[in-house]
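I have placed the structure first, in the form of structure tokens, so that the comments after it can refer back to it.
The values are calculated or read from the model by the stated rules, or taken from the named source; none is laboratory data. The model shown is predicted, which means the values in this text are computed figures rather than measured ones. Methodologically, a virtual Cβ is constructed for each residue, glycine included, from the backbone with ideal geometry; neighbour enumeration extends over all protein chains shown.
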Amino acid sequence: MLDGAHGDAARWGIEYQQRVGTFFDAVDFTPVRLIHISSDRETIGNSGIAFLRELAELPPEQRKPRAFAAADFRGFDEETFKFLLPGRDLAAQSEEAVEALADLGVATSHAYINDHSVTPPAFGEACGYSGTPSVIYMNSLVGARCNFEAGPSSLAAFFTGRVPRYGFHLDESRRATHAYRLDFTPCNVAEWGAVGALIGRALNSYWSVPALEIPDRSAAILSLNHMALNLASFGSIAMFHIIGVTPEAPDWETAFGKPAPDPTVLTQADVLEFLDSWGGAGEKLDVVALSTPQLTITELVEIAELLDGARVHPDTTLLAYAPLEIKAAAERIGVKQRIEAAGGRLVHGHDFFATFAKEIRESHNWDRLMTHSLKVANICAGYGYRPRAASLEQCVKSAIAGKILP
Amino acid sequence: MTPQPDALIFRGHVGIGSPVRGVALAASDDFSARYDLDRDRGVVSRPAHKLYGESYVGKILVLNAAKGGVASAWMLRDMVLAGKAPLALLLNNANPVMAQGAAFADLPFVDRFDTDITQAIRTGDVVYVDPVQGCVRIETRSSG
């Protein structure tokens, strides 16, 4: 590949991957079948779009794909984004990114990569996923093997059909490094997210792998997904184990590859103190952003039920984000109509934080934000919002009240 | 060049990019292009960050650990091309996203030092960064 015999795109890709692999002392390369490429327009930027277009202008034989790649969240809710960002044609700009990726042969679907719309990897299979929530999900819950292969890195893997073999492709990197025990069962996804945030913030290293014991050894995948993406968001963590639940941790000793240390205990008081630390109780609420991960049909039904017989406060905007297919399903069963009749907005397209949330705040002069996703709170704090995370129920009831309910 | 005392030379892992010389902007906080920066203005925008409000453009940015996800990999190159990037990035610990972003942007980047680099280098120090050798040398100490 280095000599260009496999095309210019593969030559770019392998040179790039060599630089990254050398940085991390990669052993060699490992082949991959599945790639995930993030397609959010804000992240890719104008220079990224230009780069994709340059690649697409190569003759097809010079840019041959060597793995299956999917990009998520095609399409934009034009009506809502015109309201959120009146000064920017985000639908058109997003389409630039989607078209540039599609021109390269990337399957630009509406699907979120974790929802199995795309054939998932098998246990032990190497893959090249871009989104950090997808990477930690695949490493921890599926047992597939993946590093964060962000943006250009996943693109390089698309052309080379391989990734540098370091980090979570290696057995020794997948073993637990820190032990935790929950002495309670979190009540909602915000509390599960707070567990991830607290552990992530404490460990704060990509190379840390927490192992966690939970009371009844059962938790919904959605709950674990919220914990996982906040481990990644607050601590850049790419893998965790839950003893007796995740596939590489049937017991403590297997998870660690040796006798485990005494676990650090996390209590409900720790979690509630962390959630309360974001403040804002009783203050006027400008926007409720329910996304990250995008909502499931069961969550949309819950929102509709919470809104039945009520209306979102006129000074508060309620945004509920779902993949296009889920939005269509919600419309088929009347849930979309119930949410909208109560003054909420059901939005498809990229998540709130990934669609120029700073510009949205400036455009509407928003300050206080509520969300059930701590990742949204974490990112939006850097965009000038004063966020607070709480349960879905508390978020919706606060939207109705127009203020942050305690 | 006059040999420098070893105390002012810090060794890390072999990095990414070409050697550069510049003025340091240092803190013990972590780093993400998405979470922490106003990339249009070139300043740190997270109120809780120790460098809140500071311009990082053209500086040797010295921080603790890479955080966050996919975004920095695309964003660093966009920042370089827009003239709103640091001159180099030094971290105690990278994650793959930051290394992938630095490689894509050709942004000089070194991590895994033999000391806590955020304590070794002070804001205002004039620093020579050599990613090829994986080392950093303080050439002039800040008077602050």
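Checked against (1) closer than 16 Å to A:T43 by Cα; (2) surrounded by fewer than 17 Cβ atoms within 10 Å (Cβ to Cβ), B:G58 passes all but a single condition, namely (1). Filtered by the rule that a residue be acidic (D, E) and over 19 Å from A:T355 (Cβ atoms), segment A:279-324 gives A:E283, A:E299, A:E302, A:E305, A:D308, A:D315.
Within segment B:20-56, being farther than 22 Å from B:T115 by Cα, acidic (D, E) and within 11 Å of another protein chain (Cβ to nearest Cβ) holds for B:D36, B:D38, B:D40. For segment A:281-305, the candidate set comprises residues that are touching a Lys or Arg at 6+ places or on another chain (Cβ under 7 Å) and at pLDDT 95 or above; within that set, the residue that is surrounded by the fewest Cβ atoms within 10 Å (Cβ to Cβ) is A:G282.
Candidates A:V288, A:V301, A:V312: the one that is without any contact (Cβ under 8 Å) to a residue 60 or more places away in the chain and not assigned by TED's automatic domain parsing to the domain that holds A:V195 is A:V301.
Candidates A:E54, A:E42: the one that is assigned to a helix (DSSP H, G or I), within 14 Å of chain B (Cβ to nearest Cβ) and touching a residue at least 60 places away in the same chain (Cβ under 8 Å) is A:E42.
Pairs meeting the criteria (first residue in segment A:13-34 and within 14 Å of chain B (Cβ to nearest Cβ), second residue surrounded by fewer than 17 Cβ atoms within 10 Å (Cβ to Cβ) and modelled with pLDDT under 95, beta carbons under 9 Å, at least 6 apart or on different chains) are A:G21/A:V27.
Filter segment A:297-335 down to residues that are in contact with a Leu (Cβ under 9 Å, 6 or more places away or on another chain) and among the acidic types (D, E), then give me how many there are. Total satisfying the criteria: 4.
Given the condition of a type outside the set (S, T, Y), within 13 Å of another protein chain (Cβ to nearest Cβ) and not in a strand (DSSP E or B), answer yes or no: does some residue in segment A:106-124 qualify? Yes, that holds for at least one residue.
Mind counting the residues in segment A:163-197 that are touching a strand residue (DSSP E or B) at 6+ places or on another chain (Cβ under 7 Å) and more than 14 Å from chain B (Cβ to nearest Cβ)?
10
Taking segment A:5-45 as the search range and keeping residues that are among the small types (G, A, S) and modelled with pLDDT of 95 or more, which one is farthest from the chain's Cα centre (by Cα)? Among residues in segment A:5-45 that are among the small types (G, A, S) and modelled with pLDDT of 95 or more, the one farthest from the chain's Cα centre (by Cα) is A:A5. Note on segment A:280-299: residues that are within 14 Å of the chain's Cα centre (by Cα), in a loop (DSSP other than H, G, I, E, B) and aliphatic (A, V, I, L, M) total 1.
With respect to B:G17, is the statement that it is under 28 Å from A:I49 (Cα atoms) and at the interface with chain A (Cβ under 10 Å from one of its Cβ atoms) true? The answer is yes for B:G17. Residue check: A:E99 meets all listed conditions (1) charged (D, E, K, R); (2) assigned to a loop (DSSP other than H, G, I, E, B); (3) over 15 Å from the mean Cα position of the chain (by Cα) but one, namely (2). Among the residues of segment B:30-62, just one is within 19 Å of A:S205 (Cα to Cα), in contact (Cβ under 8 Å) with a residue 40 or more places away in the chain and charged (D, E, K, R), namely B:R34. Condition check for A:D270 on (1) assigned to a loop (DSSP other than H, G, I, E, B); (2) assigned by TED's automatic domain parsing to the domain that holds A:A211; (3) not aliphatic (A, V, I, L, M): one failure, at (1).
When you look at A:I37, is it within 14 Å of chain B (Cβ to nearest Cβ), over 25 Å from A:A328 (Cβ atoms) and among the aliphatic types (A, V, I, L, M), yes or no? No; evaluated as a whole, the condition is false for this residue. Evaluating A:A211 against the criteria (1) among the small types (G, A, S); (2) in contact with a Ser or Thr (Cβ under 6 Å, 6 or more places away or on another chain); (3) over 20 Å from A:A26 (Cβ atoms) leaves one unmet condition, (2).
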